[in-house]
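Read the structure below first, then the notes.
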Amino acid sequence: MTDTKYDLLAIGNALVDLLAQTNEEYITRQDELHDMKKGSMSLIDSARALELYGDMNEPTKMSGGSAANTMACFASFGGQGAYIGKVADDELGKTYKAALSDIGVDYDTPPLTDGAATGRCMILVTPDGERTMNTYLGAATELGPHDIDEATIKAAKITYLEGYLYDPPHAMEAFIKAARLAHGGGRMVSLTLSDSFCVDRHREAFKDLVSHHVDILFANEDEIKSLYETDDLEKAIKIVTDECAITAITRSEKGSIIINSGHRTNIAAEPIEKLVDSTGAGDAYAAGFLYGYTRGGDMATCGRYGSIAASHVIQQMGPRPSVRLADLLSKKAA
């Protein structure tokens, strides 16, 4: 086996997040005009991105993308990580790379030098803390199998795949290549389903991926029910138990359920003072869980770490931690 250099390697859509608060009326109107479903992620073109940007009131700008947010939280816990994702050779792309480097995450994917600009996600947050995302993928669509570095994959304990990345054309090939390389090197593969609408678009491909290539699956309640086309959570749990070794299902204020080789562990949600923005809650949960797992923690410990990370990010605007999660963990343990 190759020497371990990374605890976690994440592969995802490299996007710059633009976050702004809005009201319910705006979302309702945009749903009528553009089918913008509250709480979902919709893919948009560059013209629509410019239109939405014009509607946003002084948006907060930060490096984002689901898997990259997970890596930011993972690094904040103290884990050693790397990231694979495609940006353009433009100012946003350079800012994106610098942001990951500044938090200690290795990021060496060659930028796109000719073509689309760095991707961006317009995130609209309503007063209830729900986020509605509109994503222009841009350069992220160019990530393909050629960007999957064998040495990097085999040097990571776990390779983590972002479900949103299934939308670009070459992503499935990249995922399968990464999973085969990881397993060929005696490593593990993890997947987050990302969004129930994303699951709807790629259900059969996701089922095949989970069944044949994934060791640790992350999903929220809606996503796991969408995957197995049922309104019954217990039915979905029964199916996934036979398909994947470890599954963590997040349920917002109801906490999470972890299924490990048929054994079920219920995790309580961490108390919060106020829900501000739910963006990145699942990303943070996965980071905490995987940090605990790579440190040899049992399922209860992994789930609690995930809940601690998620409870922190939903009490602020944006998905990246505003404090060191390692310090927060120490305070919770005291």
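Listed by first and then second residue, the pairs with beta-carbon distance under 8 Å, at least 6 apart or on different chains, first residue in the range 126-140 and within 12 Å of Tyr26 (Cβ to Cβ) and touching a residue at least 24 places away in the same chain (Cβ under 8 Å), second of a type in the set (Asp, Glu) and not in a strand (DSSP E or B), are Thr126/Glu24; Pro127/Glu24.
Out of Asp31, Asp108, Asp17, report the one residue that is in contact with a Cys (Cβ under 6 Å, 6 or more places away or on another chain) and of a type in the set (D, E, K, R).
Details: Asp31 fails: in contact with a Cys (Cβ under 6 Å, 6 or more places away or on another chain); Asp108 fails: in contact with a Cys (Cβ under 6 Å, 6 or more places away or on another chain).
Checking each option against the conditions leaves just Asp17.
Checking each residue in the range 13-45 for being under 19 Å from the mean Cα position of the chain (by Cα), under 18 Å from Ile314 (Cβ atoms) and hydrophobic (A, V, I, L, M, F, W, C) picks out Leu19, Met41. Inspection of the range 151-165 identifies at least one residue that is buried (at least 19 other Cβ atoms within 10 Å of the Cβ), closer than 24 Å to Asp108 by Cβ, among the polar types (S, T, N, Q) and touching a residue at least 40 places away in the same chain (Cβ under 8 Å). Counting only strands (runs of 3 or more DSSP E) that fall entirely inside the range 201-264 and contain at least 3 residues that are touching a residue at least 24 places away in the same chain (Cβ under 8 Å) and under 22 Å from Ser40 (Cβ atoms), the qualifying elements are 216-220, 246-250. Within the range 166-198, count every residue that is free of Cβ contacts under 8 Å to residues at least 40 places away in the same chain and under 21 Å from Tyr136 (Cβ atoms). Residues in the range 166-198 being free of Cβ contacts under 8 Å to residues at least 40 places away in the same chain and under 21 Å from Tyr136 (Cβ atoms): 4 in total. Among the criteria (1) out of contact with any helix residue (DSSP H, G or I) (no Cβ under 9 Å at 6 or more places or on another chain); (2) over 20 Å from Leu50 (Cα atoms), the one Met133 does not fulfil is (2).
Of the residues making up the range 46-100, those that are within 14 Å of Pro319 (Cα to Cα), buried (at least 21 other Cβ atoms within 10 Å of the Cβ) and either of a type in the set (Gly, Ala, Ser) or without any contact (Cβ under 8 Å) to a residue 24 or more places away in the chain (or both) are Ser63, Gly64, Gly65, Ser66, Ala67, Ala68, Ala72, Ala75, Ser76.
Restricting the range 287-322 to residues that are touching a residue at least 60 places away in the same chain (Cβ under 8 Å) and β-branched (Val, Ile, Thr), the residue that is surrounded by the most Cβ atoms within 10 Å (Cβ to Cβ) is Val313.
Quick note: the coordinates plus some simple rules give every number you see, no bench work behind them. This one's a predicted model, so the numbers in the text were calculated from it and none came from an experiment. Cβ sites come from the backbone with ideal geometry, for glycine too, and all protein chains shown count toward neighbours.
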